[in-house]
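The next block holds one structure in the form of structure tokens; read it before the comments.
The values are calculated or read from the model by the stated rules, or taken from the named source; none is laboratory data. Just so it is clear, the model here is predicted, and its values are computed rather than measured. Positions of Cβ are generated from backbone atoms using ideal geometry, with glycine treated the same way; all protein chains shown enter the neighbour counts. Surface accessibility is based on the protein's heavy atoms, side chains included, excluding ligands, DNA and RNA. Shrake-Rupley method; radii C 1.70, N 1.55, O 1.52, S 1.80 Å.
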Amino acid sequence: RPWLKTRGLLALRPHLQCRAMGAEDEKKDVEMKEEAEEKVKEEDAEMKEAKEEEQKGGEEAAEKEAKKSTEQETDAPEETRAKVGPGVVGLSATDATLNVMPTAGNKLLMPLTEGGFQYLLAGARATAGVKAGRYMFEVRIVEMHRASDVQNNQQGKVPMPRNLIRIGLSEAGSSLILGDGSSQSVCFDSEGFVIFEASRKKVSQKFGRGATVAMVVNMDEASPNANTISLFKEGVRICEPQAIPEQLRGKALIPTVTYKNVTVQVNYGPRPLVPLPFSCHMLSCAAKADVDVTEVAKPSDGKFEVVFPVGLPEQGYFDWVDQFLEKHPEYIELSDRKILEWAAKSGLPKPRPQNQSNDKPAMDLGVPQMDVPSLRQILSNIAPTVCRNFIVPELKANLIAKERKAALSKFALPGFKKVAAVVMGEPTAEFKARVHEHILAEKQSKADAEKKKKAADDERKRLFAEKRKKAEEARRAAKKKKDGDEAQEEEVKEEEGEDQEEKDEAKAEEDEAKVELTEEEKALSFRKMRFPDLSDVVLAKAYADFSLPSQEEGFDEVVCHWGSEAEASKTLKDWIFARKMTQRVEDLQPGDAFKEAWAKWQKGFQEWRKLQNEWKDPAKRKALLAKRAEAKKKEAEEKGEEPPEDDPDFDADLVDVSSLETILDVGNGEPLFANFVYEDWFLLSTRYEIHLLLHHFKKDLNDADRPSFTEKDLAWYYNRYFKKGWSLKNFNAKDVAGLVELIQDTLAVNEKTSFLEPVLAEDATPEAFVKLTEEARRERQCRVDAGDETAELKLPRPNPAQGRPAAPGGGGA
């Protein structure tokens with residue numbers, strides 16, 4: 001034995017020490033000593049481990065023998081009834097998630113492990129469901145995959161464990177993901193738990209790579225373990241029989257496998273990989289009477305269908321898709337919302353409900369590799385390679401010809417029939433009835449939640465009142481009886497009466513918990529969803545390109561489900577026109593003409609402000625007047641006339657503003673805007689900016705159907721053109737009507753369309769707006785002089801502490 005050699009080395013230690021002839025020899029001797037001692041320790045550990053393994057093996061053998069002696073399951077009698085044929089029972093080629101990669105004649109199941117698929121569970125069902133008798137099937141983890149969870153040095157919340165397998169039973173048409181909280185399946189997992197609905201109970205030991213695990217389904221009513229499922233590892237029972245839930249009894253339950261990051265071998269028979277302590281028929285040898293074989297309906301024309309629903313936002317699109325899938329469960333949905341549902345069933349956290357839409361829900365799951373387009377790309381590459389029926393509910397993409405063409409190209413193989421399902425117009429009575437059911441269910445859910453909350457509040461109040469009552473009774477008992485026993489008895493009776501009234505009221509409120517649809521709700525054809533079908537940004541950019549599909553695009557068939565093609569076309573045309581009236585143009589850019597006019601205005605505006613400041617300065621005013629007099633003298637000399645003299649009684653406020661040839665001189669050298677204060681300059685700039693915005697919006701958009709926009713988009717377009725914010729608070733106005741009251745000479749609102757409209761023509765000069773501002777100032781001043789204090793205009797100014805100058809126009813905070 002190796003350890004004897006090491007003991008021999010230790011025995012030679014004295015002789016080795018005698019040979020020490022120097023420092024070098026001593027060093028070598030120490031090293032040899034340490035090495036020998038280390039080997040002794042290692043060999044002692046190996047011996048101890050070997051003994052433990054031997055002891056453990058003996059215990060397992062004893063346990064196996066004990067279990068065999070106490071096993072209630074008995075050997076299965078020879079089956080004399082007709083059996084299912086060879087190859088009938090196996091893994092279904094059509095009842096599996098798209099990340100199931102079967103190989104070796106469907107006996108090995110491999111997963112996808114890149115682009116986010118390493119976090120998604122894969123699931124596959126057998127082709128037969130057990131409804132009677134006792135049968136078994138086996139699984140074995142052949143290999144475990146170690147996919148990287150890190151991208152750009154970001155870990156995220158990775159669901160654990162990374163490698164997982166679940167084996168169990170599920171109903172036909174139910175979720176392929178076992179353990180997702182559904183009441184339509186029950187399963188064991190490799191962590192040793194049995195799972196049904198939200199219940200997860202530890203019942204067995206873990207199992208991993210290389211272990212053969214058998215699941216026994218016992219539906220034999222004559223057996224002591226009837227209606228149970230059991231788990232065996234390497235032929236040894238590792239859990240007590242677990243009862244099949246009542247909700248699943250009496251149904252054909254299909255063996256199902258769910259797994260992640262493992263390659264699984266599945267064996268349905270005819271022979272087990274590892275025998276059990278008792279003989280048990282394999283599923284592939286089942287009696288015909290005991291199983292329901294799932295028959296896959298093949299398309300009559302040999303082609304599988306790919307349905308592309310085409311509908312309008314907020315008009316029942318996703319409700320129609322859900323109803324279609326209820327009627328046709330054999331179709332697989334390819335969409336972002338289905339990926340999100342898949343991720344949730346796989347244990348990934350739900351994204352925050354922000355910037356959500358039903359068409360493109362937020363995919364921020366906290367795991368970097370789940371948030372990249374590679375997952376969608378892989379799915380779109382896999383789907384056309386499998387023989388399945390698909391439905392592709394991409395709301396925006398299916399409304400745009402270019403994106404429809406790209407989607408159709410992925411299913412270019414001859415084995416697919418491409419169908420466009422148009423759902424526009426007046427929906428069917430059946431669809432409306434289902435919508436009303438959803439609305440009623442939502443109302444009932446809200447009412448139940450409110451009722452539950454109120455009941456909890458009432459219970460809390462009751463407990464508090466009861467506690468207070470007991471305290472009061474204790475206080476009374478301690479207090480001397482001043483008012484006599486009779487008065488106390490009457491008071492107690494009165495309180496009991498009040499308690500009874502409260503109970504009667506609570507019972508009446510409980511009876512009123514049921515809700516009904518109002519007449520207005522009954523008239524609805526579509527319901528309002530929690531999130532919009534399309535985000536405002538996406539809708540604004542895309543709606544103008546919406547169109548109906550045609551066979552010329554590559555569709556084999558175009559079906560209109562809610563009326564004729566002409567009705568659908570009219571519905572779409574009217575919808576786009578109505579949207580134009582209300583939807584802002586996200587990609588609109590100011591034209592060169594606007595930029596030129598705006599630059600010219602800014603330059604002139606600054607010159608006027610400078611001139612006003614000079615006029616207010618006595619020294620500079622004197623210089624301005626001297627310059628003006630010199631100019632008049634020179635002009636008169638050129639004409640051969642005497643220079644005119646200024647009227648000393650001239651009153652600038654009496655000048656007719658509209659008759660002025662220039663705003664720089666009203667007749668005595670004073671500019672028309674000499675008396676402007678902050679409010680006047682602010683409104684002057686607003687007048688011209690609104691005028692410029694409305695005219696150039698029409699010119700830049702060049703759409704006869706949309707000459708302007710409504711109040712809700714004023715701030716957005718103002719920011720797009722002038723690169724500054726807009727706020728009605730700067731005008732002390734609650735809405736545009738308040739602004740119109742201030743600048744009604746420039747801005748109006750169309751009563752029919754609610755569009756904002758300019759009052760002046762496009763060629764109105766900047767000077768015209770100065771005149772309008774001066775006329776408005778004079779009118780307000782006259783009213784103030786007459787005693788009307790409401791005419792005085794005081795607008796909020798930017799806070800000087802913020803270091804910002806007063807912003808002309810509607811811009812500002």
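Brief remarks on what is shown
- At an R0 of 56 angstrom, the distance between the Cβ atoms of residue 785 and residue 578 translates into a FRET efficiency of 0.65.
- Taking other residues whose beta carbon is less than 13 angstrom from the beta carbon of residue 564, and scoring Lys, Arg as +1 and Asp, Glu as -1, yields -2.
- Protection proxy ranking, highest mean first, for peptides 626-637, 558-569, 222-233, 466-477: 222-233, 558-569, 626-637, 466-477, where packing is the per-residue count of other beta-carbon atoms within 10 Å, averaged.
- Computed lengthening from residue 374 to residue 246, 0.36 nm per intervening residue step minus Cα-Cα distance: 41.9 nm
- Multiplying the residue separation of residue 659 and residue 142 by 0.36 nm and removing their Cα-Cα distance gives an extension gain of 176.4 nm.
- The stretch 681-746: trypsin sites (Lys or Arg not before Pro) falling in loop per DSSP and having at most 11 other Cβ within 10 Å: 723, 734
- Under 14 Å, Cβ to Cβ, from residue 790 - net charge with Lys/Arg +1 and Asp/Glu -1: -3
- Using a Förster distance of 22 Å, the FRET efficiency for residue 645-residue 612 (Cβ separation, nearest 0.05): 0.30
- Placing a pseudo-label 7 Å from each Cα along the Cα-to-Cβ vector at residue 465 and residue 447 gives an inter-label distance of 2.5 nm.
- Shape of the stretch 173-212, Cα gyration tensor, a/c cut at 1.5: oblate
- Gain in span if fully extended, residue 704 to residue 402, counting 0.36 nm per residue against the direct Cα distance: 106.2 nm
- What a 1.4 Å probe finds exposed on the stretch 337-425 is 57% carbon and sulfur by accessible area, rounded to a whole percent.
- Environment charge of residue 265, counting only residues whose C-beta is closer than 9 Å and scoring Lys/Arg +1, Asp/Glu -1: +1
- Using a Förster distance of 60 Å, the FRET efficiency for residue 619-residue 588 (Cβ separation, nearest 0.05): 0.75
- Here the stretch 433-453 is scanned for amide nitrogen atoms under 15 Å from the site 7 Å beyond the Cα of residue 322 along Cα-to-Cβ, giving 433-446.
- For the stretch 209-278, the set of GluC sites (Glu not before Pro) satisfying both a DSSP loop assignment and a count of at most 11 other C-beta atoms within 10 Å is given as 221.
- Of the accessible area of the stretch 97-149, computed with a 1.4 Å probe over protein heavy atoms only, carbon and sulfur atoms account for 52 percent.
- Cross-link check: pairs 338/396; 345/405; 402/528; 107/303; 699/724; 402/432 evaluated at a Cα-Cα cut-off of 25 Å; pairs beyond the cut-off: 345/405; 402/528; 107/303; 402/432.
- Accessible surface of the stretch 154-265, 1.4 Å probe, proportion on carbon and sulfur as whole %: 46 percent
- Surface analysis of the stretch 273-413 yields an accessible area of 45 Å² per residue, using protein heavy atoms and a 1.4 Å probe.
- C-alpha center-to-center spacing [the stretch 374-427, the stretch 556-573] in angstrom: 18 Å
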